[in-house]
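Down below is the structure, laid out as structure tokens.
What follows is calculated from the coordinates using simple rules that are stated; it is not laboratory data. Model, not experiment: these values are computed from the prediction. Reconstructed Cβ throughout: ideal geometry from the backbone, glycine too, with neighbour counts over all protein chains shown.
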Amino acid sequence: MTLAMWSYRLRKTPMFALVLPIGLLVVLFWVFFSKEESLLGLEGSSIATHKWAHENEKTFYFPYARKFKNAKYSYKKKSNWLFSDTVEDNIPAGHITHFDLNKLESTANAAVNKEQVLILTPMQTFHEEYWSNLLQMTYPRELVELGFIIPRTKSGDNALRKLETAVKQVQVGKKEQRFAKITILRQDSQSFDSLLEKERHALKVQKERRAAMALARNELLFSTIGPHTAWILWMDADIIETPPTVIQDMTAHDKAILAANVYQRYEDDKTGTKQIRAYDFNNWAESDIALQMAANMADDEVIFEGYSDIATYRPLMAYQYDANGAANTETKLDGVGGGCTLVKAEVHRDGAMFPSFPFYHLIETEGFAKMAKRLGYEVFGLPNYLVYHIEEHN
Ligand SMILES: Nc1nc2c(ncn2[C@@H]2O[C@H](COP(=O)(O)OP(=O)(O)O)[C@@H](O)[C@H]2O)c(=O)[nH]1
Ligand SMILES: [Mg+2]
């Protein structure tokens with residue numbers, strides 16, 4: 001149709017002159033403000049509020065729908081005849097994602113601010129109680145990702161099978177019950193097949209075992225942390241009881257690193273009554289004696305906490321529990337365990353990891369706390385906030 005014919009039609013049918021611009025406005029509104037799944041695969045968010053990487057480059061960008069449907073990515077920038085500074089950027093959905101880490105926050109109001117939490121668990125044994133405890137947590141599941149690393153051992157094979165069954169049940173269930181993402185890794189580094197509690201706690205196997213655990217934790221961390229991760233909750237596979245609000249409660253403290261106090265329920269043999277006892281001795285504050293011991297040690301020697309052979313006189317959080325004290329009491333720590341420890345993702349992103357080698361005579365989670373401190377972060381614990389380790393009968 002020629003231009004002359006267009007103008008003739010417009011003059012003849014004034015309704016057409018009205019309908020055309022309104023139709024155009026409706027289409028524009030639909031493209032920019034539609035809340036439906038957008039053409040760009042930005043599920044649930046409108047293109048209008050999406051921030052494009054090039055916006056910082058001050059170029060004009062117009063996402064033309066048909067191009068995005070059969071998009072090809074090209075690094076070649078083309079200019080446009082209409083807008084001389086236009087950059088045609090053909091990005092297929094999900095091909096390139098950009099995040100502004102300055103805007104990623106880990107705050108005291110994590111759930112309200114929709115902060116994403118990654119729960120990381122090295123898992124040698126799958127305990128039903130661990131899984132049901134995880135499922136009773138009330139932090140919104142769409143904000144929770146899970147990561148597991150399982151050793152290449154017989155017990156690992158067994159754990160993997162059970163974990164996969166449990167995962168499948170939740171992830172094919174109701175959409176709003178699903179976790180945002182679940183990653184299961186098979187360990188690449190050395191692992192130890194199940195040792196009995198007293199065997200694995202024997203001092204002589206500690207260095208090797210903790211070094212292997214450090215590697216497993218690092219493999220897990222570096223394979224699962226995403227640019228959207230705000231918090232990481234380290235939770236061992238044998239932690240079977242936490243308050244349902246554990247993530248909300250712990251994030252509310254707004255600490256770089258925060259450890260819960262790991263206890264154990266048991267039945268007293270003599271009285272037959274149910275009791276609780278301290279379990280994790282890796283949450284401690286530094287003592288002058290331990291520092292002096294470290295100063296006299298050879299470079300590759302490691303101090304382990306909780307062994308009478310090495311009397312460090314470090315104040316242990318495990319013994320600071322006060323049944324009548326406030327659950328939100330905080331205490332400063334220098335070493336932490338991995339039982340139930342919340343970490344702001346920026347701490348790991350800045351480079352704090354689990355040394356598999358003696359780092360200031362510390363290793364694994366205790367070495368991690370030291371490394372975070374060297375990076376300028378503070379480490380805290382909650383002596384009156386209890387979570388429970390499974391009771392092993394051996
Ligand atoms: N990936 C992996 N996880 C392990 C290995 N050994 C233990 N774990 C897991 O690491 C966590 C801590 O180990 P655990 O033996 O319970 O240590 P303890 O509680 O300090 O005695 C638990 O979640 C275990 O299931 C291993 O060799 N590889
Ligand atoms: Mg354990």
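Here the stretch 102-389 is assigned +1 on the Cβ of each Lys and Arg and -1 on the Cβ of each Asp and Glu. Its dipole about the Cα centre then comes out at about 820 debye. Label point 7 Å out from LYS332 along Cα-to-Cβ: which residues of the stretch 362-394 have amide N under 14 Å? Correct set: 373-374, 376-381. Using the charge dipole of the stretch 102-389 (Lys, Arg: +1 at Cβ; Asp, Glu: -1 at Cβ; taken about the Cα centre), state which of GLN136, GLN124, ILE310 has its Cα farthest towards the positive end. Farthest towards the positive pole: GLN136. Its Kirkwood hydrodynamic radius, worked out from the mean inverse distance over all distinct Cα pairs, puts the stretch 278-394 at 15.0 Å.
Can you give the log10 of the normalised intensity I(q)/I(0) at q = 0.19 Å⁻¹, computed with Debye over equal Cα scatterers of the stretch 127-175? After summing over all Cα pairs, the log10 values are -0.71. Applying a DSSP loop filter and a limit of 13 other Cβ atoms within 10 Å to the trypsin sites (Lys or Arg not before Pro) in the stretch 105-170 leaves LYS114. Model label points for ALA17 and THR97, set 7 angstrom from Cα along the Cα-to-Cβ axis, are 5.0 nm apart. In the structure displayed, which of LYS162/LYS274; LYS168/LYS255; LYS114/LYS332; LYS162/LYS207; LYS181/LYS344; LYS274/LYS344 lie more than 25 Å apart, Cα to Cα? Violating the 25 Å limit, Cα to Cα: LYS162/LYS274; LYS168/LYS255; LYS114/LYS332; LYS162/LYS207; LYS274/LYS344.
Can you work out the base-10 log of I(q)/I(0) for the stretch 265-305 at q = 0.22, 0.31 1/Å, using the Debye formula on its C-alpha atoms alone? Rounded to two decimals, the profile gives -0.76, -1.08. All C-alpha pair distances within the stretch 102-389, sorted into 5 Å bins from zero, spread as 1, 5, 12, 17, 19, 18, 14, 8, 4, 1, 0, 0 percent across the bins. Label positions at GLU129 and GLU164, each projected 7 Å from the Cα along the C-beta direction, are separated by 2.7 nm.
For the stretch 161-262, applying the loop criterion from DSSP together with a ceiling of 16 other beta carbons within 10 Å to the chymotrypsin sites (Phe, Trp or Tyr not before Pro) yields PHE192.
Find the all-direction average of the projected area of the Cα convex hull for the stretch 231-337, expressing the result in square nanometres with one decimal place.
Taking a quarter of the hull surface, the average projection is 9.3 nm².
Computed from the Kirkwood radius of its Cα pairs, the Stokes-Einstein diffusion coefficient for the stretch 317-381 at 20 °C and 1.002 mPa s stands at 169 µm²/s. Of the Cα atoms belonging to the stretch 120-251, the radius of gyration and Dmax stand at 15.1, 48 Å.
What is the distance in Å between the Cα centroid of the stretch 276-312 and that of the stretch 323-381? Spelled out, the Cα-based centre of one part sits 15 Å from the other. In this calculation the C-beta distance from VAL172 to THR271 is compared with R0 = 35 Å, giving a FRET efficiency of 0.15.
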